[in-house]
Structures are given as structure tokens and as C-alpha cells.
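What follows is one structure encoded as C-alpha cells, with my remarks underneath.
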Amino acid sequence: MKLRNRPHLTVTRTEYGAVLLDTKTGQYWQMNPSAAAAAQALLDGGDAADAVRSVTEQFDVDEARAADDVRALIEAMRSAGVVQE
């Protein structure tokens, strides 16, 4: 998995979670706090396992649920054109 436009992607925390912004295209996505943690792990160069670890360390969620949520986040990012194989 590779993040497309990675230098142009930024996560900004909000009172309700965060916003992922692609500064190159102007597209943005609102995320809840756990999705924000996973996205930040990916932007920091981590893979899906790193994102799952970040979520389970920060939130009261088991690894299986976190893995499902991270897979869903990556698929949503792929559909939005932010992630490429």
C-alpha cells in the first residue's frame, strides 16, 4: 500500500476527531478519533499493522475490531484515490 500525494496529505485534529486534507486536490475527509489515529500512523510511514497498533493503544478496542476498522479506512481511502497499490 502506498499513499498517493503523501507530501500533500495532512491530518488536522478537530473537536470531533480530525480532517484528512489533500492540499494538492482540495479534497478532505472528516474522521472520528480512531480513524484519525489510524490515518496518522499511515501518514507517518506505517502500514496497516502499525495503524491497528495505534488504535488499540489509544482506544479501548480489541485488535480484531481495530483491524476491521483499519481495513475499512484503507478501502475508503483507496476509493477516494488517496491510496494506491
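The values are calculated or read from the model by the stated rules, or taken from the named source; none is laboratory data. As the structure is a computational prediction, the values presented were derived from the model and not from experiment. Methodologically, a virtual Cβ is constructed for each residue, glycine included, from the backbone with ideal geometry; neighbour enumeration extends over all protein chains shown. Accessible surface areas use protein heavy atoms only, side chains included; no ligands, DNA or RNA. Shrake-Rupley method; radii C 1.70, N 1.55, O 1.52, S 1.80 Å.
Inclusion of Arg65 among residues that are open to solvent by 80 Å² or more (accessible area, probe 1.4 Å) and more than 13 Å from the chain's Cα centre (by Cα) is warranted. Right, Asp22: in contact (Cβ under 8 Å) with a residue 60 or more places away in the chain, acidic (Asp, Glu) and on the phi < 0 side of the Ramachandran plot or not? Yes: the conditions hold for Asp22. Within segment 39-62, one or more residues are surrounded by 16 or more Cβ atoms within 10 Å (Cβ to Cβ) and hydroxyl-bearing (Ser, Thr, Tyr).
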